[in-house]
Amino acid sequence: MLKLRDGIVELYRKVAISVPKDIEEALKTAFAKETEPKARESLENILKQISSARSSSSPVCADTGFPVFFVKVPRGLGHGAIRDVIVDATRLATKKVPLKPNAVSSITDMNSGDNVGDAFPVVYIDETDEQSLTVDLMLKGGRTETLGQLYKLPALLNTGGVEVAAGRNYDGVIRSVLDAVSKAQGEGCPPYAIGVAIGGARDQVTALSARQLMRRLHDVHPDPVIAGLEARILNEVNCSGGERHTTAIGVKIAAAHHHPEAYFVDVSFACWAHRRGRLIW
């Protein structure tokens, strides 16, 4: 397990220092297309910051966020042991990378100093028939996390001072995402990657929307209807961005079956420093 622990420490280092290739390429494309001077300057500074972090082997953002793990373990491998390794690796990575200590007790308001606390880091574990262990890590910025919104449809939304009816259909989903983007008001370091989940339970959709942020920007959803919805929402978000032509660099959606009495839509945001990576062990 020591080798796995050290591998996760290096995963922390990689994720904190360098944004994924698909994110960087999307930001470069946005910069090439941008014509508004302030937005263009902002994107240019972002790209310089990415390059500088990689050259200096330092975190790309001072806020190294809070760690969220999505782990797939071979059947028969103890989940508790994997969690223990992740906790040990987190403590070590906090010192070695270094990571900003962000684990604060919700009761005492004391910072643990090592990014470890109650349900911190966040760890989701699923079993797989594969022989290898897959560890996906995402470092989520705290400010961007506060921008997320949960909608119970049908609803009457107040989007930019205009009341809009959002029903239990794809138009309602679109209006919910546009409302969430409007409420974000450009906070949390755009351009964003946006995760969306539709379903019948609140805890279900919040977890599903976060998982969508692990998808690569260039992937195509296997369901052509959802793939079309992702493309449509991305286009509408960027057309509604005012002076900023690239409000979002990607929209990824998951749709679960829902109970007849419950239809929820959850919207999650990641900032331009969308830090995620994978270890296969």
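The values are calculated or read from the model by the stated rules, or taken from the named source; none is laboratory data. Being a predicted model, the structure only gives us computed values, none of them experimental. So basically every Cβ, Gly included, is an ideal-geometry build from the backbone, and we count neighbours across all protein chains shown.
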### Task
Mind listing whichever residues of the stretch 221-276 are of a type in the set (Ser, Thr, Tyr) and touching a Lys or Arg at 6+ places or on another chain (Cβ under 8 Å)?
Thr246, Tyr263
### Task
Examine the stretch 136-143 for a residue that is assigned to a helix (DSSP H, G or I) and either out of contact with any strand residue (DSSP E or B) (no Cβ under 9 Å at 6 or more places or on another chain) or farther than 19 Å from Val68 by Cα (or both), and state whether such a residue exists.
yes
### Query
What are the residue pairs meeting all of these: first residue in the stretch 109-135, first residue hydroxyl-bearing (Ser, Thr, Tyr), second residue surrounded by 16 or more Cβ atoms within 10 Å (Cβ to Cβ), Cβ atoms under 6 Å, and 6 or more apart or on different chains?
Ser112/Ala103; Tyr124/Phe70; Thr128/Lys72; Thr134/Lys72
## Note on the structure
Those strands (runs of 3 or more DSSP E) completely within the stretch 163-281 that have 2 or more residues that are among the small types (Gly, Ala, Ser) are 192-199, 248-255, 264-270
### Task
Return only the number of the condition from (1) in contact with a Leu (Cβ under 9 Å, 6 or more places away or on another chain); (2) surrounded by fewer than 15 Cβ atoms within 10 Å (Cβ to Cβ) that Lys96 does not satisfy.
(1)
### Task
Kindly indicate whether any position in the stretch 239-250 is under 17 Å from Gly186 (Cβ atoms) and modelled with pLDDT of 95 or more.
yes
### Summary
Only unsatisfied item for Ala256, checking (1) modelled with pLDDT under 95; (2) closer than 17 Å to Asp171 by Cα, is (1)
### Task
Please go through the stretch 33-70 and pick out each residue that is without any contact (Cβ under 8 Å) to a residue 24 or more places away in the chain and among the acidic types (Asp, Glu).
Glu41, Glu44
### Query
Can you tell me which residues in the stretch 207-246 are of a type in the set (S, T, N, Q) and surrounded by fewer than 18 Cβ atoms within 10 Å (Cβ to Cβ)?
Asn235, Ser240
#### Entry: Residue satisfying all of: in the stretch 11-67; in a loop (DSSP other than H, G, I, E, B) and aliphatic (A, V, I, L, M); surrounded by the fewest Cβ atoms within 10 Å (Cβ to Cβ) among these
Ala62
### Message
Looking at Leu178, Leu156, can you tell me which residue is surrounded by fewer than 17 Cβ atoms within 10 Å (Cβ to Cβ) and either over 26 Å from Leu11 (Cβ atoms) or charged (D, E, K, R) (or both)?
### Response
Leu156
